[in-house]
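The structure appears right after this line, and notes come after that.
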Amino acid sequence: MEWSEFRRKKSYYELIFHDLGDMPLRAESLEFILGLRADTGWVILDDMHKGNYAPFAETVCAAAGLQLYSLRDLTLDRYGRFVCLFG
């Protein structure tokens, strides 16, 4: 399914892994993605090692009332990349 088609659908998900496109697209789409989270759902954000993206994502998620859980210790790879979980 293409992104444009997916954006027209309104569904709610228990688990979302957000790793869409490049970083500008990921930042632009973050609020939309958070709106797809079911009340008891979780969102995993990839590339939280990125200096410009991480503070932005943390602010947007906090504004949505989500708690941050770092998965750095579990997901850190040899390139310094890791994910965070929000719920």
Residue selected from segment 57-87 under the condition part of a loop (DSSP other than H, G, I, E, B) and of a type in the set (Lys, Arg), by the criterion farthest from MET23 (Cα to Cα): ARG78
Do we have PHE32 as of a type in the set (A, V, I, L, M, F, W, C) and without any contact (Cβ under 8 Å) to a residue 12 or more places away in the chain here? no
Scan (1) closer than 27 Å to GLU2 by Cβ; (2) touching a helix residue (DSSP H, G or I) at 6+ places or on another chain (Cβ under 6 Å) for the single condition PHE82 breaks and write down its number. (1)
Find the residue count for segment 51-85, including only residues that are among the hydrophobic types (A, V, I, L, M, F, W, C), under 16 Å from GLU31 (Cα atoms) and without any contact (Cβ under 8 Å) to a residue 40 or more places away in the chain. 10
Would you check if there is a residue in segment 41-56 being in a strand (DSSP E or B) and either loosely packed, with under 14 Cβ neighbours inside 10 Å or touching a Lys or Arg at 6+ places or on another chain (Cβ under 7 Å) (or both)? yes
Residues (buried (at least 16 other Cβ atoms within 10 Å of the Cβ) and either aromatic (Phe, Trp, Tyr) or in a helix (DSSP H, G or I) (or both)) located in segment 1-26: ARG26
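Readers should treat all values here as calculations from the given coordinates under stated rules, not as data from a laboratory. Given the structure is predicted, the values throughout are model-derived calculations rather than measurements. In this analysis, Cβ positions are derived from the backbone assuming ideal geometry, glycine residues included, and neighbour counts consider all displayed protein chains.
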